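Structure record follows, encoded as structure tokens.
Values quoted throughout were computed directly from the atomic coordinates according to the rules given, and no laboratory measurement underlies them. Keep in mind it's a predicted model, so treat the numbers as computed, not measured. So basically every Cβ, Gly included, is an ideal-geometry build from the backbone, and we count neighbours across all protein chains shown.
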Amino acid sequence: MSTTVVRYTTNPDRGDENQNLVEAVFAELAAERPEGLRYITFRLDDGVTFVHIATVDTPDASNPLTEVAAFDAFQSGIPERFEQPPMVMGAHVVGSYGLDSLA
């Protein structure tokens, strides 16, 4: 199992657009229900900072998110939408309580 945390800042006028693209990813995930993926995205109160947390637990370590068409659409405009590029980091769970209730 691997967990990845991604943090970035959109341009001030592109936060809503970015949120719409992220929501499309979650709509497709809800329809397709890929196995082995747990994924959550936060939009921080500043309106332009987003944090994505994805945990992948598949037998071959492949990431089901890469098979989602809406995720490709989300990624295609990153250079123009983002003020600060994504900072991608691996992470390890230290503790968790009630995380499923956040969605």
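Go through the stretch 1-82 and tell me which helices (runs of 4 or more DSSP H), entirely inside it, have 1 or more residues that are small (Gly, Ala, Ser), within 14 Å of the chain's Cα centre (by Cα) and surrounded by 12 or more Cβ atoms within 10 Å (Cβ to Cβ). Show your work before the answer.
On the way: elements: 15-32, 69-76, 78-81.
Helices (runs of 4 or more DSSP H) meeting the threshold: 15-32, 69-76.
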*Among the residues listed as Thr55, Thr49, the single one being of a type in the set (Ser, Thr, Tyr) and under 13 Å from Thr9 (Cα atoms)*: Thr49
*Restricting the search to the stretch 21-59, which residues are of a type in the set (A, V, I, L, M, F, W, C) and under 17 Å from Met1 (Cα atoms)?*
Leu37, Ile40, Ile53, Ala54, Val56
